[in-house]
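These notes are about the structure you will find just below.
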Amino acid sequence: MKKSVNLKASGVVRLIVFLFFLFQTDVGFSQVRVLDSLLVQYNSYTSQKNDSMAIALINKIAFEYRNTNADSCLWFAKKAYQYSDSIGIIAEQTRALRNISLAYIKKDLPDTAIYLLKKGLQYAYLCDCSEIEADIYNSLGTAWYFKSEFDSAILYFEKSNDKFIAEGNLESSAGTMINLGVIYENTGKFSKALENYHNALHVYEANDFNAGGKALAYYNAAKLYSQ
């Protein structure tokens with residue numbers, strides 16, 4: 001029993017670490033520079049405006065804060081939601097809902113996140129936003145994972161992966177496969193875990209993608225072999 005708990009904890013850490021790399025963002029100092037640049041733009045342009053460009057920028061700022069400051073992520077995402085609702089930009093409203101949910105996942109409130117993500121899916125259907133829909137499925141997988149509802153997490157990660165592939169977003173597809181591998185590893189389905197790690201590696205090696213994601217795929221596969 002103790003070993004099972006430790007394996008689960010290890011999986012949570014690796015999933016959290018991976019989420020830091022995912023979704024086409026830089027990490028470390030580079031991520032700080034991206035955020036600083038966005039905040040400069042916000043202060044010089046968006047603070048007194050609520051047009052479509054301003055809303056998109058606010059959503060980007062919220063997303064950049066998702067791993068480092070849940071309160072800031074939530075503040076900017078709610079502002080983006082309010083502005084997009086006021087002028088009827090459903091796509092940005094959908095992104096804002098997804099960003100709000102990421103803040104609640106960070107705050108360890110997955111039930112609230114799931115409620116908002118399901119609402120976001122309804123918005124995504126309205127605006128025919130397949131790429132945002134894929135991101136929402138991915139976030140639903142993460143939220144269910146943190147509730148230890150692994151079957152539901154797998155279901156939504158697989159839906160996300162299918163959408164990413166359909167959209168040609170192979171980098172995010174590879175990331176989703178790593179998340180699937182972590183869940184299969186935690187539930188003792190080691191061959192399925194390795195299959196997903198290897199599939200992710202094939203994508204990373206065939207394309208010039210996020211080095212952090214590639215490194216994590218190697219690490220997860222090697223760790224599983226060592227066990």
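The values are calculated or read from the model by the stated rules, or taken from the named source; none is laboratory data. Since we're looking at a predicted model, the values are computed, not measured. A quick note on method: Cβ atoms are made from the backbone with ideal geometry, for glycine too, and the neighbour counts reach across all protein chains shown. What goes into the accessible areas is simple: the full protein's heavy atoms, side chains included, and nothing from ligands, DNA or RNA. Shrake-Rupley method; radii C 1.70, N 1.55, O 1.52, S 1.80 Å.
Structure summary
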{"quantity": "Extreme residue, modelled with the lowest pLDDT, among residues of segment 206-223 that are open to solvent by less than 50 Å² (accessible area, probe 1.4 Å) and not basic (K, R)", "calculated": "N210"}
{"quantity": "Residue within segment 51-71 that is at pLDDT below 90, surrounded by 19 or more Cβ atoms within 10 Å (Cβ to Cβ) and among the small types (G, A, S) present", "calculated": "yes"}
{"quantity": "Any hit, segment 182-204, residues being surrounded by 17 or more Cβ atoms within 10 Å (Cβ to Cβ), of a type in the set (F, W, Y) and in contact with a Ser or Thr (Cβ under 9 Å, 6 or more places away or on another chain)", "calculated": "yes"}
{"quantity": "Number of positions in segment 110-136 that are open to solvent by 50 Å² or more (accessible area, probe 1.4 Å) and either among the aliphatic types (A, V, I, L, M) or in contact with a Cys (Cβ under 9 Å, 6 or more places away or on another chain) (or both)", "calculated": "1"}
{"quantity": "In segment 160-170, the residues that are part of a helix (DSSP H, G or I) and surrounded by fewer than 19 Cβ atoms within 10 Å (Cβ to Cβ)", "calculated": "D162, I165, A166, E167, L170"}
{"quantity": "Counted residues, segment 194-212 - those being over 13 Å from G181 (Cα atoms) and touching a residue at least 12 places away in the same chain (Cβ under 8 Å)", "calculated": "6"}
{"quantity": "Within segment 178-209, tally of residues that are charged (D, E, K, R), within 19 Å of Y145 (Cα to Cα) and assigned to a loop (DSSP other than H, G, I, E, B)", "calculated": "1"}
{"quantity": "Unmet requirement for Y145, which otherwise passes all of (1) among the aromatic types (F, W, Y); (2) over 13 Å from the mean Cα position of the chain (by Cα); (3) under 25 Å from A215 (Cβ atoms)", "calculated": "(2)"}
{"quantity": "Criterion: surrounded by fewer than 17 Cβ atoms within 10 Å (Cβ to Cβ), under 22 Å from N186 (Cα atoms) and not acidic (D, E) - qualifying residue of S152, S139", "calculated": "S152"}
